[in-house]
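The values are calculated or read from the model by the stated rules, or taken from the named source; none is laboratory data. Bear in mind the structure is a predicted one, so any value in this text is a computation, not a measurement. Note: ideal-geometry Cβ built from the backbone for every residue, glycine included; neighbour counts use all protein chains shown.
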Amino acid sequence: MIVGAGPAGCSAAIHARSAGLSVRIIDRAGFPRDKTCGDGLTTVALRELSALGVQPASVPSWRSIAGVRITSPSGRVAHLDVPTDGTLYIATAPRRELDEQLLIAARNAGAETSLGTTVTDIVRRGDGWLVSCDGSGESVEAAYVIHAGGARGLPAFKTGHPRPATAGRDELIASRVYLDNTLDLDDRIHIWFYNDILPGYAWIFPSGKNTANVGVALHTANRSPSDLVAETERVLESDWLVGLVGDSVTRRGALRSWPIPIRPQPDLADGGLFRLGDAAGLCDPMTGEGIAQALTSGRLAMESIRRNIDRPESATSAYHKALRAQFTADYRTSRILLRLLRSSRWTRGAVRFMGVSPRISQWFARWMFEEVPRRAVLSPIAFARSLETPHGASFSDEDNPPSA
Ligand SMILES: Cc1cc2nc3c(=O)[nH]c(=O)nc-3n(C[C@H](O)[C@H](O)[C@H](O)COP(=O)(O)OP(=O)(O)OC[C@H]3O[C@@H](n4cnc5c(N)ncnc54)[C@H](O)[C@@H]3O)c2cc1C
């Protein structure tokens, strides 16, 4: 039983089917549905999508991205381009389209789906779990429950696990709006670190043709969540944005905000109840990216369950161990870098260094978006070694779309 048909839930479903397990996904939304997101896909996300059988050509507004332009608080721009070796390092895909393809892939793999159904409660029942849903009043018993309900899925008390107090702690929140009629963004994504929101940032990601996904990510340690909309409006009026997208843009839909959970939950898994993706708090504390983590946690959860199918407690500890091995060291590094990014001086210095030479720029592009461990940046030799072999994600040739 899987709660949530986002990247985490669909990844878990497809991996479950590959292991021969029967699975049902329940989602409160009807699909296609939007998810407030920047729509950016890192190399890890692309690799996971490729393994799940989701092809770029099936996502109409897919954009393959050639590089990143980072603007520092002083206005200096670092141009970070990814290698041109025929593989894919970065892409954008509107979540409305991407998540629909993930759901189709899950159904094609044999997963059952119940859409428009909200899970209201998950309680222990004997050796397994009882999952209650609204509307139909239906209840389902399952030995394993995957909670992939995102940042605001089930309230914690509904799963019997109190959440740690977060008041006063650093959280990440972000807003997003789509702009149509933009100038051609030239297959580059744009990031702007400006003083008032550090270590947060603003972004412009090309999305389809002459459309951009624009947003702001704020850390609540130094700014109030209520500042987010005002900061986003400020970015939308800024010379930085107008210089890139032009002054004839129109907004599509409303500006939306949503939390980005950057604190791994203490109860990642317990007796057959597994938290994945945003429900587990797995987003990167520095960048806020979470799609790769959602897809990866779906795979890791299912590998842990497949190996221990009749031993939920062993599956639980295998999942904890796998998540720790995958993410813990990198999250620590992200948190260190986050502290440094609070300083305008340090951020300006970092952007200047990234642009020192084309080789260094390419290293940083790959460090930010590829499978290079975040912690590699703390050791120059490890950093250089980890980047010796470039390898982006590959999809089958006939399905690789030309760069938009
Ligand atoms: C503004 C913003 C920008 C972002 N930009 C990026 C980016 O560019 N790149 C990146 O990698 N990450 C980004 N993220 C993070 C990313 O969106 C999430 O990490 C990712 O969506 C997590 O996937 P998930 O499957 O865990 O959860 P979700 O995608 O949130 O899916 C959860 C699903 O569960 C369903 N659900 C919830 N509660 C229930 C219930 N009670 N019953 C039934 N169904 C339920 C929901 O309808 C939803 O379909 C961004 C986040 C925000 C807020």
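For region 266-291, enumerate the residues that are within 9 Å of the chain's Cα centre (by Cα) and either within 7 Å of the ligand (Cβ to nearest atom) or of a type in the set (Phe, Trp, Tyr) (or both).
Gly277, Asp278, Cys283, Gly288, Glu289, Gly290, Ile291
Could you go through region 125-138 and let me know if any residue there is more than 16 Å from the ligand (Cβ to nearest atom) and touching a Pro at 6+ places or on another chain (Cβ under 7 Å).
No, region 125-138 contains no residue that is more than 16 Å from the ligand (Cβ to nearest atom) and touching a Pro at 6+ places or on another chain (Cβ under 7 Å).
Looking only at residues in region 203-228 that are within 15 Å of the ligand (Cβ to nearest atom) and either in contact with a Cys (Cβ under 7 Å, 6 or more places away or on another chain) or of a type in the set (A, V, I, L, M) (or both), which one is farthest from Ser248 (Cα to Cα)?
Of everything passing the filter in region 203-228, Leu218 is farthest from Ser248 (Cα to Cα).
Looking at the structure I just gave you, is Leu46 near the ligand (Cβ under 8 Å from one of its atoms) and closer than 26 Å to Thr92 by Cβ?
No; evaluated as a whole, the condition is false for this residue.
Could you look through region 247-265, keep only residues that are within 12 Å of the ligand (Cβ to nearest atom) and in a strand (DSSP E or B), and pick out the one that is farthest from the chain's Cα centre (by Cα)?
That would be Leu255.
Considering only region 1-32, state which residues are part of a loop (DSSP other than H, G, I, E, B), within 9 Å of the ligand (Cβ to nearest atom) and touching a helix residue (DSSP H, G or I) at 6+ places or on another chain (Cβ under 8 Å).
Gly4, Ala5, Gly6, Phe31
Please state which one of Ala315, Ala301, Ala322 is on the phi < 0 side of the Ramachandran plot, surrounded by 21 or more Cβ atoms within 10 Å (Cβ to Cβ) and away from the ligand (no atom under 16 Å from the Cβ).
Every option except Ala315 fails the conditions.
Sort out for me the strands (runs of 3 or more DSSP E) sitting completely within region 59-146 that have 1 or more residues that are surrounded by 22 or more Cβ atoms within 10 Å (Cβ to Cβ) and at pLDDT 90 or above.
Those strands (runs of 3 or more DSSP E) span 63-65, 67-71, 77-81, 90-92, 119-125, 128-133.
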